[in-house]
Every structure is written in C-alpha cells, then in structure tokens.
Amino acid sequence: MSLLVVGFIAIAIVFAFSSLSSKRPASSPPRVPSVLPWFGTALSFISSPDEFLARCRKQYGNVFRMLLGGREVVVVSSISAISSIYAADHNVLGTHETHNALYAAVSGGKGNSTEVYRVVSHLIFPMVDQRLSRRSMGDLTAPIAQALYGKLKPYTQMKNARVTLMKFLTEPLCFATNLIMFGTRYPQDTYEDLRILDETMPERFYSVPFWWWPSMKARKRMLQQIDDYLSTRDFSAEEDGWIGSAFKKLFRENDVARHEACCHLLTFQWGMHTNTFGIALWFFLFLFSHPDALHAIRNEVDRAIKEDFGDLDSFLASVNPQVLDRPCFTSLTSALLETMRLTAIFVALRVAETDLQLKDRGGTVTVRKGEYVLGNVQAVHMDESEYPDHRKFVFDRFAHNDHREGRLPTDGQPWFSFAAGRHLCKGRYLAMYELKLVAIIYLYLFDFTPVNHESRSWWPPRTTRRNLGIPRAEEVFVDIRLRHHA
C-alpha cells in the first residue's frame, strides 16, 4: 500500500473523529455516531440487524437517524409511525430499491432497475393479489392438502424414522404447492437447489463475502428449469398451474424478455417459500420446547379432526382457508401468530419521494425527500407494555381475541408480521393456509422426539447473526413415530 493511500486513510479517520467530537447542535431525532465516512453504521447493521437496532433504540429512543452505506436512514419504532409507513402510497415512500435488491440477490438478474420494478409492481403484484385472494384460493387448496399427504405416505408405512426437521416439514409442502401453483410441467425436484440458494440470501442481499459456488450452481440449474417451463407456447391451468398459467400469459402479453421472466419467476418462488419454511420450523421447535403448548394444540387438532370432520380423509377432501378459520383451531392459529411475532425480522428500506411527516404518538417525525425510512417492527413486537413476558412463547396469547373468518385475531395488538395497510403481504392467505395445514397433518400423524431430547442440547438451536426474514437455525434431527390412530 502506498504512503499516499495510507496518508489519505489517516486523514479520513482523523476527520471522522473530529467531526464526532466537534460541538454541534443536538439533533432531533438523535443520530447514531459512526467513524467511517459513507459506510456509517453499515458494518454493525448487516452483522446482526435486530441486535443492532435494539441497542440503538435502548440508547437513543424510538426515533433515531443513522448513516447506512451512503443512505440517510430514519428509524422509527412506535406503532403509529410504523402504521404511517405502511399506509403511505409507493409514490410517497418508494419500495423500488428493496424489490430490485431482492430480484438481483435471488436471481442474479441485472436488468434495468426501472423496468424490473415496473414488472413487479404493475404486473406481478396485481395478478398475485387477485390469484391468491381468499375467494380465488378456495378451489385449489384441497388439492394442495392431498398432494402434501401423498408425499408423506411413505412415512406412514414406517413405525419410526430419524429425519432432519426442516426437510421433513418443508419438502412435501414445497412439492405440493409447486404442483398446484405451477402445474405438472413445472420441475418437481427444485427443493434442494432452492434451499441451497436460500441459505446464502442474507449474504447476497447485504453484499458481503461468502462461499458462492454451490448456490450459484443451484441458481443456474433452477433458471434453466424455469426457462424450459416457460418455453412451451401453449398454457393451461392444469398443466401450468393456477399461478404458472397467469405468469406465462402476463409475460407474453407484456413482452417481458425470457431471461428476465425466468428471474422474476425464480424470485417469486423464493418469496413464496422462504418465510413459510422458516416459520414452520420455528413453530415446531417452540412446541417441542413447551410441552404444555404441544399437548394443548395436539388435543385441539385431534378433537377437531374427530368431531368436525370425522376422520383425516374427510378433512383433506374439504379443507380450505374458511375451514381452517373455524373456532376449533383457535389455539393453533394463536401459536402460529406468536411464532411470527417472535421470529419475523424486517430490514426493508423505503425512500421518501417527497418531504413528509410520519405520525409518531403525540407528534410527528420529519422525513426529507431522498432520505430512507426503516420501521423497527421488532421493537413493537418485543414491547413489554404491549406483550407481557414478551420474550416468552405464549402459545395462547391471541387465543382469546375475536376469531372471525378471514381476519387474524390480532385486534388491539400491534402485529405486523404480514405488514399492514397498503402493503399487506400478497401471499398471506396462502401462507396461513400452508402453515395450518402442515401443523394439523403432522401433529395428527406423528409423535416427535428431538435427538438428545433429555439433555436439551438442541434448544435453543444455534442461529446465524445475519438473517433476512426469519432467523436461520442449525439442523435439528428428530425421531418420528406414527401415532396409534394414524
């Protein structure tokens, strides 16, 4: 390294320290200090976003500013401010940078960012919103249940087996959902490659070094399979699925280039599966570590199958989102919402397209055009005044709320795991259906015993500090045994 470069670095560091120590007016909201120009707090943030934001909130309060890789970011942590973010139109608080970053991280696509966002926001989102609406999903959900059960049948012929929990829970679900959503033409062997890619997504999204070769090869294989899938000229709901046929029609009618279409479809598939997989895993881990919750929810499932449906076959033939909203699954629904409250991580930045004021309790927070906003949802979900014993898994926390068909029983409690307002998750009905379905079928069919159960060395599972969406946990092995009534 030349003396000139060393001298430049030394001057920059001295300048940064002098800037921090020089007298200046107290900022409102306070600014998180940083030593490195441009980078700011980026290194601390990406190493563990939830821990970093929790430390900053404890030190600086509910509203603070930070420099994050050249971006001026305003972080808000109150219910009213976060609700204001979700209520804002995309022309006021833009999400294009986050969508483009996810598109590039998942697919490797390097298309025009304006065109990528146009396809996502103006073409894909409206189509998905319609196709995955509660009303539209009614006819396709029972086939998902039957396809899932079909993949589990080999395990019902065994007295016991040892499996990795994540794969056991999510591979049959991935197969069943892909089959119904994308049809018989879509390749059914994408699970392993999707998991390999998913494991590297935090590193890809945050652009930090990692061993990229296995995930690059997995992504390449998936893009080739999707290209083959999209190459067929004709399309039908049976062969191309409920969503797949709509994607094909949309891409062709709007002249979306083939490679870009492949990248968009891969990004959609990743988004459809990744958080559902993570929540399913953590739901069962929480149940295993809380025997009272496991006992109560299993009894609820057994009772519902027997009294409301007669047997499992009748349940599988009739199950749809409306059925799963019945009061007979109150504790199960509550436990899933509690799992999401404890695990969901939010790192999406929104850029202010104009000067605006966010409501913040009794006042407002000013955000200038060009600045970024981050809603610190974890702060609300872990607020002791809103959720007593906030660090504990309380399986029936939401069980006593008003349970109505088509609505989550979170009234009166700040729960943002599916976002809110204008930005509600487009796949929320599908996700809740999948999660309830997996929980019911697996709890009804199998007993689970984590390996090394008595020593409890499996709990809590080790997790990576850098996460995106849901914490990544190490593999947990379980012994499964077919229950007597199954």
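So the values come out like this:
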{"quantity": "Within the accessible area of segment 231-353 (1.4 Å probe), percent carbon and sulfur", "calculated": "50 percent"}
{"quantity": "Karplus-derived 3J(HN,Hα), 6.51/-1.76/1.60, for each residue of segment 239-255, Hz, glycine and proline x", "calculated": "7, 10, x, 4, 8, x, 5, 5, 4, 4, 4, 4, 4, 6, 5, 10, 6"}
{"quantity": "Cα gyration tensor, segment 114-155 - rounded (a/c under 1.5), prolate or oblate", "calculated": "oblate"}
{"quantity": "Per DSSP, loop trypsin sites (Lys or Arg not before Pro) in segment 426-477 with at most 13 further Cβ within 10 Å", "calculated": "R456, R462"}
{"quantity": "Exposure of W242 as accessible area (Å², to 10), given a probe of 1.4 Å and all protein chains", "calculated": "80 Å²"}
{"quantity": "Where K159, K167 fall by accessible area, highest first, once all protein chains stay in place (1.4 Å)", "calculated": "K159, K167"}
{"quantity": "H390 accessible area, assembled protein chains, probe 1.4 Å, Å²", "calculated": "30 Å²"}
{"quantity": "D189 versus V35: modelled label distance in nm, points set 7 Å from Cα along the beta carbon direction", "calculated": "5.2 nm"}
{"quantity": "Order of exposure, largest accessible area first, which applies to T164, T343 with probe 1.4 Å", "calculated": "T164, T343"}
{"quantity": "Per DSSP, loop trypsin sites (Lys or Arg not before Pro) in segment 294-385 with at most 16 further Cβ within 10 Å", "calculated": "R361, R368, K369"}
{"quantity": "Cα shape, segment 131-267, gyration tensor, a/c 1.5 rule", "calculated": "oblate"}
{"quantity": "Size-normalised alpha-carbon gyration radius of segment 197-269, reference 2.2 N^0.38 Å", "calculated": "1.27"}
{"quantity": "Computed E for K369/H485 - FRET, C-beta separation, R0 45 angstrom, nearest 0.05", "calculated": "0.10"}
{"quantity": "Set of segment 314-337 residues, backbone N closer than 15 Å to the point 7 Å along the Cα-Cβ line of D389", "calculated": "335"}
{"quantity": "Solvent-accessible surface (1.4 angstrom probe) belonging to S80, in square angstrom, nearest 10", "calculated": "40 Å²"}
{"quantity": "Accessible surface of segment 361-486 [probe 1.4 Å, protein heavy atoms]: carbon and sulfur percent", "calculated": "46 percent"}
{"quantity": "Out-of-range pairs (alpha-carbon distance over 24 Å; input K153/K249; K249/K426; K220/K436; K167/K392; K58/K392)", "calculated": "K153/K249; K220/K436; K167/K392"}
{"quantity": "Chain lengthening between E405 and S48 when straightened (0.36 nm per residue, less Cα-Cα)", "calculated": "124.8 nm"}
{"quantity": "Mean residue ellipticity (222 nm) of the chain, computed from DSSP H runs ≥ 4 via -39,500 (n - 2.57), nearest 500", "calculated": "-16000 deg cm²/dmol"}
{"quantity": "Top positive-direction residue, dipole computed over segment 263-394 with Cβ charges, set H273, N299, N376", "calculated": "N376"}
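The values are calculated or read from the model by the stated rules, or taken from the named source; none is laboratory data. Note that the coordinates shown come from a computational prediction; the quantities given were computed from them, not determined experimentally. When we count neighbours, we look across all protein chains shown, and the Cβ atoms used for this are built from the backbone with ideal geometry, even at glycine. All accessible areas refer to the heavy atoms of the entire protein, side chains included, with ligands and DNA or RNA removed. Shrake-Rupley method; radii C 1.70, N 1.55, O 1.52, S 1.80 Å.
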